[in-house]
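First comes the structure, then the notes that go with it.
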Amino acid sequence: MRITPLAMASLPLAAFAANGAETTLARPDIILFMVDDMGWQDTSVPFGPDTTRYNRMFETPNMERLARSGMKFTQAYACSISSPTRCSLITGANNARHRVTNWTLQRDTSTDIEVDSITLPEWNVNGVQQVEGVPHTYVGRSFVDLLRNSGYHTIHCGKAHFGAIDTPGENPSHWGFEVNIAGHAGGGLATYLSEKNYGHNPDGTPYSLLAVPGLDKYWGSGTFATEALTREALKALGKAKKYGQPYILYMSHYAVHIPVDRDERFYQKYIDKGLPPKDAAYASLVEGMDKSLGDIMDWVEKEGRPDNTIIIFMSDNGGLATQPEWRDGELYTQNSPLRCGKGSLLEGGVREPMIVRWPGVTEPASVTDNYVMIEDFYPTILDMAGVDMPHDPVHVVDGVSFSDILHGADRGEQEREIIWNFPNVWGNNGPGINLNCAIRRGPWKLIYNYATGEKELYNIPSDISETVNEARSRPELVKFLSERLGKRLRDMNAQRPSFTDSGRPCPWPDEI
């Protein structure tokens, strides 16, 4: 039985009282467990063909547990920066379309680093909204809103980062979440430490724009932010159980984003393993996140509906493996064999650890090499819940449901095109960062630099580290992919930078 939002809204309450409870509860509970800045290798679960020394560095037994009971995705993609990913997730629109191409925080304020020779485009610095009236924004409807209207109880816990401060989109309730725990405009947190009140002064005023709201009862308690969020999420799940509705929990951790505060519950064990202090602190962040996953899985098994609860694990961008001065010269995350990290359109910046367990659907311990993109979560989660997407000519959903993959389908040599657009300067160092766009089609990925006109072509399955640029040896393929990328960007009304001296826009990839 599929229940459309419009049909649900038109039914009288008596219909639910008579027979709706059984029908509604037949639909699955859904837990979307999102991690911040977690690299492909920041786990003991190998997502490549081999277990690496980085996999052996971390201890994530609950990710291992989830992988044993679900499907592991080896080629799951997101955007290279947090805000673009989360805006694509909540609206289903590709980041070239919604134009939130860098991270957001303060209203009407760009976070770009300015450069002398290039004028950056006026991107949507205010993020995304569900209502008109905010400048520099994209308007789209949330899949959460659709779920809520179809009978789901909706819970948000942790990082939001959908809209800038003083815009409606900053508040998860604006997106259809009936419960909001600690979500606001901030894309990181001032500190994980309760001893520092998670970024608040003793009088309750925030000393940082990244101060985490709503956790004041944990101040000074010694409770790490990851643990505090988990406890609040478990309380919300306990309440949801009493409602007699299916629920969706968006468990969106601030971990493992900087600052690299020690989670003392796990820190010493990594020191004892011989890791340097900064690496040990980062590993403790990762294991604290993993414990949260385990606590929630335990609750589902003991208190929830384990045979009808979907769990989706994902990260929002690659690990922070560039700009070593941010880390006092110590490398606490490493994406190798993937190249580069957060901010880059190379694999290290966009390929993410992803696991899905859908009881009765996903084969335990299965692995898929089919590639998916973050906006695909929108139609997929609606499919899981049995909710049809409304036909809206204004709000375009670029995502493609991967429920067929979860049911065991192999799409083979895909011709599907995944697009990234980052006509911005994030300010970090490393290859593939700043003023780029890219396309993945089948085994090939083309990266184009707006400022220099340089093109890079990689065969991803055979060159996962992107070390062999085949652009010169395959000019016809470069031409074809450049045409496809240019057309897709124009079709989505994407933005591009301009040359400051002439005022002319930088060429599209098929114009050079």
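Readers should treat all values here as calculations from the given coordinates under stated rules, not as data from a laboratory. Here the structure is a predicted model, which means the values were calculated and not measured. All Cβ positions, even for glycine, are placed from backbone atoms using ideal geometry, and neighbour counts span all protein chains on display.
Points to keep in mind about this one:
- Normalising the average separation of contacting C-alpha pairs (under 8 angstrom, six or more residues apart) by the number of residues puts the relative contact order of the chain at 22 percent.
- Note on region 27-412: Lys pairs 8 or more places apart or on different chains, Cα atoms under 17 Å apart, count 10.
- Considering only alpha-carbon pairs that sit under 8 angstrom and 6 or more positions apart, the relative contact order computed for region 230-381 is 18 percent.
- Neighbour-limited loop hits for GluC sites (Glu not before Pro), region 394-481 (at most 13 other Cβ within 10 Å; DSSP other than H, G, I, E, B): 413, 415, 454
- The label-point distance for residue 410 and residue 302, in a model that sets each label 7 Å from Cα toward Cβ, rounds to 4.1 nm.
- Working ranking of peptides 108-114, 504-510, 348-354 by packing, defined as the average number of other Cβ atoms within 10 Å per residue, highest first, is 348-354, 504-510, 108-114.
- Per-residue ³J(HN,Hα) for region 463-472, Karplus 6.51 cos²θ - 1.76 cosθ + 1.60, θ = phi - 60°, Hz, x for Gly and Pro: 9, 4, 8, 6, 9, 10, 7, 9, 4, 6
- Helix-only [θ]222 nm of the chain, DSSP H runs n ≥ 4, -39500 (n - 2.57) each, per residue, nearest 500: -7500 deg cm²/dmol
- Sequence-separation-based contact order of region 374-458, relative, with Cα cut under 8 Å and 6+ spacing, percent: 19
- Residue-wise HN-Hα couplings along region 379-386, as the Karplus relation 6.51 cos²θ - 1.76 cosθ + 1.60 with θ = phi - 60° gives them from phi, are x, 5, 5, 5, 4, 4, 8, x Hz; Gly and Pro carry x.
- Charge tally in the Cβ shell below 11 Å around residue 128, where Lys, Arg are +1 and Asp, Glu are -1, residue 128 excluded: +3
- Counting Lys and Arg as +1 and Asp and Glu as -1 over every other residue whose Cβ lies under 9 Å from the Cβ of residue 92, the net charge comes to -2.
- Ellipsoid semi-axes for the chain, based on the Cα gyration tensor and the rule √(5λ), read 33, 27, 24 Å when sorted largest first.
- Charge tally in the Cβ shell below 15 Å around residue 336, where Lys, Arg are +1 and Asp, Glu are -1, residue 336 excluded: -1
- Whole-Å distance, taken between Cα centres, linking region 395-422 and region 124-179: 24
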